[in-house]
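Inspection log for the structure reproduced underneath, given as structure tokens.
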Number of protein chains: 2
Amino acid sequence: MPAEFDLIRSYFTHAAPRTVLGVGDDAALIDAGKGRLLAVAADMLVAGRHFFRDADPESLGHKALAVNLSDMAAMAATPRWATMGIAMPRADARWVAGFSRGFMALARKHGVDLIGGDTTRGPLNICVQIIGEVPARQALRRDGAKAGDDIWVSGTLGDAALAVAARTKRIRLKPAELKQAQQRLDRPQPRIALGLALRGVARSAIDVSDGLLADLGHICERSKVAAVVALERLPLSPLLRRYRSVPAAQAALLGGGDDYELCFTAAPVKRAAVEHAAAKARTRVTRIGRVIRAPAGVCSVVVVDGDGLPLAPVRRGFDHFG
Amino acid sequence: MPAEFDLIRSYFTHAAPRTVLGVGDDAALIDAGKGRLLAVAADMLVAGRHFFRDADPESLGHKALAVNLSDMAAMAATPRWATMGIAMPRADARWVAGFSRGFMALARKHGVDLIGGDTTRGPLNICVQIIGEVPARQALRRDGAKAGDDIWVSGTLGDAALAVAARTKRIRLKPAELKQAQQRLDRPQPRIALGLALRGVARSAIDVSDGLLADLGHICERSKVAAVVALERLPLSPLLRRYRSVPAAQAALLGGGDDYELCFTAAPVKRAAVEHAAAKARTRVTRIGRVIRAPAGVCSVVVVDGDGLPLAPVRRGFDHFG
């Protein structure tokens, strides 16, 4: 398990007696009374680590909010309010104007109020906190998966990581291809509508921010189950399909982050309901595997090829301290 | 007005239709139903700007939460939940252990649950968001001051800034004196109990984080009033009193930040009630001046000396982009 999570868990996980669900899911849940929960999440984006230093400010504004909205989608929460802390090397009004334009356009689209925050000088760092609402018992958590559940994923996987691979010279893309992949990296579309439509349908959910294997792995660990995923069933964009034999593209597909799709599980009896929810949300979903009992208590994710044989282990997710 | 606030206001202040009180106070207020409001605030601390790079991690953990608790105190809110984003250059377990110890000790003292967050690699940056509760109509805001109100401040002012002045060679303190001032800088005590006791008593409040003149100035601007403060009445620690003739100490008293005392206004008829609230909270309070109508619409803060004559303007507050 990445050292990042070790650190968080060992030092910042404490009893949270006033909290319905604390550290360890896409968002925490607190009781707001009247059968309503508030979902609360925070993400920090650091220049040179979560985005390229030359990132277009408008895209960055979009993304800073999008990654938090994605956490709300994974909890089936309606996003409502956001705060933001931002450190920047200098007061560059044009940069701030672009950033704000991207941030606020997405906020308005999803009915989110920016209600406060802090602006200071420092190495570029953006920390957004989001608060959403979800009826009690309808929140989707990481710990709800059961052996026998289908595993589903929205959209297509790996395109965002393909852009990172191209920018870091691990794969060569044509300019039009890079532009297309870069769009997925820069402008993730949080699956809010799908998350809401899956209330009462899915049993567990997570957003794919660290890569499919890592994030599905989080569901397995929290639910004390294991998972089998069929490589052939994974939803690929035409672009990724073109490069699927290249190792960097395979790594992007299974281990790349930044897709901000939803990975969720649901009982097989809910297949029609899942399809209906996806149609309602106008979002493609694909059934990619099955939840199984954890063999000997090991909550692993196994990927099988077209012959049903397990692949060799793939790099799992992104460890900020790796 | 500092460029920092210009930036925030122009780009990040938008209509917030789902929000009782948006950007521009110590915390935002959102409606949680049943006559209860949630107060939400976020503060970002950057190494080398808000704290010395060699700061003791345990003190830093304390301070990162304390500055947010102070925002809750200024709103008369009961702090409940916190999230934290933290970027650090490397995964230094000893540092994290110390930081976490300081943070969690203060969290437990005030009954706050740490419910989530994000840990990543990057230049040291700590962004804490806090959520508190306050009954509707009992929140203390910056915009409630009325001409004729008394102006009060808790504790003593300027000691924290005196430590900064000493560390940056603008004043010379004896080692024991520096230690004493440093304690105020490193371990601010948020005035939660006083904030709660002032519900229904005070008319407006702010915490003194940017310096008395700057922060009282915020009350004046939001309330569309002006203020007169008597220099002789300002509460000084014995340490600050010893150095009060030194310009750096005077600047610390009026313009230095990091005191995290409460500055509040109340009708003169409430004097006994204020004293009673202070006694209940075991916190010293001092009446330092009076709110007046804004002369010609200018919401200024004037400091008068022992002869009742206005002082020359003093540097007002800390501008992170100055």
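The values are calculated or read from the model by the stated rules, or taken from the named source; none is laboratory data. Source: prediction; values computed, not measured. Please note: Cβ atoms are built from the backbone with ideal geometry, for glycine as well, and neighbour counts cover all protein chains shown.
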So for segment A:69-76 (the condition being at the interface with chain B (Cβ under 10 Å from one of its Cβ atoms) and touching a strand residue (DSSP E or B) at 6+ places or on another chain (Cβ under 9 Å)), does at least one residue qualify?
yes
Per the filter on segment B:170-224, residues crowded, with 18+ Cβ neighbours inside 10 Å, of a type in the set (Gly, Ala, Ser) and under 17 Å from B:Gln138 (Cβ atoms) are B:Gly195, B:Ala197, B:Ala202, B:Ser204, B:Ala205
Look through segment A:18-59, keep the residues that are within 7 Å of chain B (Cβ to nearest Cβ) and not in a strand (DSSP E or B), and return whichever of them is modelled with the lowest pLDDT.
A:Arg18
Please specify each residue of segment A:112-141 satisfying the condition of being more than 8 Å from chain B (Cβ to nearest Cβ) and either part of a strand (DSSP E or B) or at positive phi (or both).
A:Ile126, A:Val128, A:Ile130, A:Gly132, A:Glu133, A:Val134, A:Pro135, A:Arg137
Look at segment B:80-111 and say how many of its residues are part of a loop (DSSP other than H, G, I, E, B) and in contact with a helix residue (DSSP H, G or I) (Cβ under 8 Å, 6 or more places away or on another chain).
2
Considering each of B:Ala87, B:Ala42, B:Ala32 in turn, give the residue that is buried (at least 24 other Cβ atoms within 10 Å of the Cβ) and closer than 25 Å to B:Leu194 by Cβ.
B:Ala42
Being in a loop (DSSP other than H, G, I, E, B) and within 18 Å of B:Arg287 (Cα to Cα) is the filter here; which residues of segment B:233-256 pass it?
B:Leu234, B:Pro235, B:Leu236, B:Ser237
Can you tell me which of (1) surrounded by fewer than 24 Cβ atoms within 10 Å (Cβ to Cβ); (2) farther than 18 Å from A:Asp186 by Cβ is the one A:Ala76 doesn't meet?
(1)
Checking the structure you have, find out if any residue of segment B:129-137 is within 24 Å of A:Pro123 (Cβ to Cβ), modelled with pLDDT of 90 or more and surrounded by 15 or more Cβ atoms within 10 Å (Cβ to Cβ).
yes
Starting from segment B:51-75, take each residue that is more than 15 Å from B:Cys263 (Cα to Cα) and list its partners that are polar (S, T, N, Q) and assigned to a helix (DSSP H, G or I), counting only C-beta distances under 8 angstrom and pairs at least six apart or across chains.
B:Gly61/B:Ser100
Residues of segment A:138-162 being over 17 Å from A:Ala273 (Cα atoms), touching a Pro at 6+ places or on another chain (Cβ under 8 Å) and surrounded by 23 or more Cβ atoms within 10 Å (Cβ to Cβ), which ones?
A:Leu157, A:Ala160
Considering B:Gly289, B:Gly211, which residue is modelled with pLDDT under 95 and either under 25 Å from B:Pro79 (Cβ atoms) or in contact with a strand residue (DSSP E or B) (Cβ under 7 Å, 6 or more places away or on another chain) (or both)?
B:Gly211
For residues that are within 22 Å of A:Asp31 (Cα to Cα) and β-branched (Val, Ile, Thr), scanning just segment B:90-128, find the one that is surrounded by the fewest Cβ atoms within 10 Å (Cβ to Cβ).
B:Val112
Can you tell which of B:Ala273, B:Ala281 is at pLDDT 95 or above and touching a Leu at 6+ places or on another chain (Cβ under 6 Å)?
B:Ala281
Tell me which of these A:Thr13 doesn't satisfy, since it passes every other one: (1) in contact with a strand residue (DSSP E or B) (Cβ under 6 Å, 6 or more places away or on another chain); (2) at pLDDT 75 or above; (3) more than 8 Å from chain B (Cβ to nearest Cβ).
(2)
Over segment A:77-109, the set of residues more than 7 Å from every other protein chain (Cβ to nearest Cβ) and farther than 23 Å from A:Ala55 by Cα is A:Ala77, A:Thr78, A:Pro79
